[in-house]
Amino acid sequence: MNYNEVLNQIYNESKLQPKIGNVAISIPELAGIDPEKFGIHLIILNNNEFGIGDHLEKFSIQSVSKALTTALAFSFYDEKVWERVGVEPSGNPFNSLVQLEYEKGIPRNPFINAGALVIADMLISRLENPKAEFLQFIREVSGYPDINYNFKVAKSEKETGFRNAALCNFLKSFGNIKNEVEEVLDFYYHQCSIEMTCQELAHSFYFFANEGKTKKGMPVLTTSQVKRLNALMQTCGFYDESGEFTYKVGLPGKSGIGGGIVALYPKNFVVATWSPRLNEKGNSELGMFALEQLTTKTGMSIF
Ligand code: GLU
């Protein structure tokens, strides 16, 4: 298959799509981003990689980071993670509070904000210097030593993160946050502020497609663990639009309000897209379109 040609076609067709959706405004520091940005980067396992458009420009990965924190927590705690976080789709917006009350402080899954806050708490309990060590983990799995937090974005979210603060306090009231609320929120805002290019993002998720091992062969998760996290990304990775993403694209993945999406076909490829215009559910409109085109044109979906 000529992937260069396929990406070119998808890129050109995507550019002709109506401009639907808006840039996320919940984090003031992100609100000024150019909505026209658009990039795709595809890595074929044990083979070549291909990129087009703004695929080498850094953007805020936001909730995409939740798959990486969950992977690190899973590597430490294994199945014990699921004593404090569930594995079911929530069917509610990512920052919803209501379900937590009914379910007594056990978030539905690690990819909604409440679940990611519990995962952050688990990492803090385990790491001596959580922010530095998590960054080190990302740099190692991706193979890019200059990946970093954007401290301005983290600060901007902290100043306006009233809902996350509410969630974290609420979780603490149920005993499902063990550390100080302030510390958990600080870690969470920083993990979300990480910046990557599409290329770096695709490399960071290589181990999810490569049976738990990075491109350099470093083991991050066991094959069984990676199977489980890919399943979770499939069912819960796209807010309350995970069903639609599965229907249209047919790959596990994770999205973020910075407009990034990463998706993968186990043992085959990893692909990252970036386009900041978000649909009503908070997923990148053009990113979803491009990925739907990719699996349709190549026939490469897990279904
Ligand atoms: N930091 C953002 C928040 O907590 C992440 C949202 C997202 O990307 O889904 O609201």
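What follows draws every value from the coordinates through simple rules; no lab data is involved. This is a predicted model, so every value here is computed, not measured. Note that each Cβ is placed from the backbone with ideal geometry, even for glycine, and that neighbours are counted across all protein chains shown.
Contour minus end-to-end for Ala165 and Arg139, with contour as 0.36 nm per residue of separation and end-to-end as the Cα-Cα distance?
Computed gain between Ala165 and Arg139 is 6.6 nm.
How long is the chain along each principal axis, judged by its Cα atoms, biggest number first, in Å?
54, 39, 35
For region 1-87, what does the relative contact order come out to in percent, with C-alpha contacts under 8 Å and a separation of six or more? Walk me through the numbers before you get to the answer.
Numbers: 45 pairs, mean separation 18.8, N = 87.
Relative contact order comes out at 22 percent.
Output the relative contact order of the chain, whole-number percent, from Cα pairs under 8 angstrom with separation of 6+ residues.
Answer for the chain is 27 percent.
For Glu244 and Asn129, what is the calculated FRET efficiency with R₀ set at 41 Å and r taken between the beta-carbons, to the nearest 0.05? Walk me through the numbers before you get to the answer.
Values: r = 39 Å, r/R0 = 0.96.
Efficiency for this residue pair is about 0.55.
Please report the net charge: other residues with Cβ closer than 10 Å to the Cβ of Tyr77, K and R +1, D and E -1.
0
Can you sort Glu79, Glu36, Glu211 by how many other beta carbons sit within 10 Å, fewest first? Intermediate results must be reported in sequence, preceding the final value.
Numbers: Glu79 9, Glu36 12, Glu211 16.
Listed from fewest to most nearby Cβ atoms, that is Glu79, Glu36, Glu211.
In debye, nearest 20, what is the charge dipole magnitude of region 51-117 about its Cα centre with +1 on Lys and Arg Cβ and -1 on Asp and Glu Cβ, if you could check?
Its charge dipole is roughly 100 debye.
With each label point set 7 Å from Cα along the Cα-Cβ vector, what nm distance links Lys152 and Lys215?
About 2.8 nm, to one decimal.
Just how large is the dipole of region 82-161 about the Cα centre, in debye to the nearest 20, putting +1 at every Lys and Arg Cβ and -1 at every Asp and Glu Cβ?
140
If one computes the Cα centroid of region 64-99 and of region 115-134, what distance in Å separates the two points?
13
Which whole-number percent is the relative contact order of region 63-124 (Cα, under 8 Å, 6+ apart)?
42
Add -39500 (n - 2.57) for each DSSP H run of 4 or more in the chain, then divide by its residues: what number comes out at 222 nm, to the nearest 500 deg cm²/dmol? All intermediate terms of the calculation are to be shown ahead of the outcome.
On the way: 13 runs with 139 residues, N = 303.
Computed ellipticity for the chain at 222 nm equals -14000 deg cm²/dmol.
For region 141-242, what does the convex hull of the Cα positions come to per residue, in cubic angstrom?
Values: hull volume 14.9 nm³, N = 102.
So the per-residue hull volume is 146 Å³.
So if I place +1 on the C-beta of Lys and Arg and -1 on the C-beta of Asp and Glu, and nothing else carries charge, what would the dipole magnitude of the chain be about its Cα centre? I want it in debye, nearest 20. Can you show the working numbers first?
On the way: 29 positive and 34 negative charges, 84 e Å.
For the chain, the charge dipole is close to 400 debye.
Using only Cα atoms and rounding to the nearest 10 degrees, what angle (0 to 90) does helix 113-126 make with the longest principal axis of the chain?
So the inclination is approximately 70 degrees.
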